[in-house]
Structure formats: structure tokens, C-alpha cells
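Q: First the structure, which I've put down as C-alpha cells, then a few questions once you've had a look.
The values are calculated or read from the model by the stated rules, or taken from the named source; none is laboratory data. From a predicted model like this one, the values you see are computed outputs, not experimental measurements. Cβ: placed from backbone, ideal geometry, glycine included. Neighbour counts: every protein chain shown. Side chains are part of the model used for accessible areas, which takes the heavy atoms of the whole protein and leaves out ligands, DNA and RNA. Shrake-Rupley method; radii C 1.70, N 1.55, O 1.52, S 1.80 Å.
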Amino acid sequence: MAILKDYRADRLRVMIFDTRQAMGNEAGAQAARCIRKLLEEKEELNVIFAAAPSQNETLAALLAADGIDWGRINAYHMDEYVGLDPDHPAGFRNYLR
């Protein structure tokens with residue numbers, strides 16, 4: 001992973017990567033660390049995900065991470081199409097499945 005810049009803007013850490021894949025890998029790794037820590041403290045988690053192609057690399061890295069019991073996680077997404085049949089392939093719920 002090649003980080004081009006890593007700095008703080010007030011309390012916000014800003015990381016700029018050379019590729020989308022590198023950014024997704026780091027975001028997925030950070031999310032996995034957070035989820036594993038919370039699973040040590042809680043029986044069940046509710047996690048909201050951005051469900052869109054812009055998240056592909058992050059979600060792939062997160063799914064590949066070890067030590068996450070997905071059976072204890074309720075996954076929610078930020079968007080859905082109004083009136084779309086629940087089984088329609090364009091539905092975000094199906095994207096997360």
C-alpha cells in the first residue's frame with residue numbers, strides 16, 4: 001500500500017493513497033479492527049454500510065479479514081430504491097448479501 005499523504009485536519013485523520021485498491025484495503029482493515037474489538041465486547045452488532053460500487057474494494061477487504069463472526073452482525077445499508085421488489089438484482093440488500 002502506498003500512502004501519498006497522511007496528515008490531520010483538526011481531529012480528522014486524512015490519508016491519501018496512490019490507488020483505489022490501496023485505499024479500500026486500508027479502509028477494510030480499519031473497519032475489521034473496529035468490528036473485531038466490538039465483537040469482544042458485545043454479543044451482536046448492528047453495522048451500516050454504504051452499498052455502492054464505490055465501496056467494492058473496502059467491502060472485499062473487510063470480507064477477507066479474519067476473525068469476524070458475520071453471524072453476529074446485522075448489516076444495514078444506507079440506501080434503497082423505493083418500490084423495488086425485494087428480490088430485484090439492483091436492490092442494495094441483494095448487493096450486501
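Q: Please work out how much length the chain gains when fully extended from K5 to R97, using 0.36 nm per residue of separation minus the C-alpha to C-alpha distance, in nm with one decimal.
A: On the way: separation 92, 0.36 × 92 = 33.12 nm, distance 3.40 nm.
So the chain would gain 29.7 nm between K5 and R97.
Q: Taking 8 Å as the Cα distance limit and 6 or more residues as the minimum spacing, I'd like the relative contact order of the chain as a percentage.
A: Once normalised by length, the contact order is 24 percent.
Q: For the chain, with only Lys/Arg (+1) and Asp/Glu (-1) charged at the beta-carbon, what is the dipole magnitude about the Cα centre, in debye rounded to 20?
A: The calculated dipole for the chain is roughly 360 debye.
Q: Moving to a separate point now. Taking GluC sites (Glu not before Pro) as candidate sites, keep only those in a DSSP loop with at most 16 other Cβ atoms within 10 Å, then name the longest stretch of the chain containing none of them.
A: The segment 1-42 is the longest one with no such site.
Q: Can you give me the angle between helix 20-41 and the longest principal axis of the chain, using Cα atoms only, in degrees from 0 to 90, rounded to the nearest 10?
A: 70
Q: Tell me the per residue accessible area of the chain using a 1.4 Å probe; a whole number in Å² is fine.
A: Using a 1.4 Å probe on heavy atoms only, each residue of the chain averages 72 Å².
Q: On to the next question. Within the accessible area of the chain, what % is carbon and sulfur when the probe is 1.4 Å and the other protein chains stay in place?
A: On the chain, the fraction of accessible area on carbon and sulfur atoms equals 52 percent.
Q: A further question follows. Measure out, as a whole number of angstrom, how far apart the alpha-carbon centroids of segment 28-61 and segment 77-91 sit.
A: Taking the Cα centre of segment 77-91 as reference, the centre of segment 28-61 is 21 Å away.
Q: Choose one answer from L59, L12, L39: the residue with the largest mean-square fluctuation in a GNM of the chain with alpha-carbon springs under 10 Å.
A: L12
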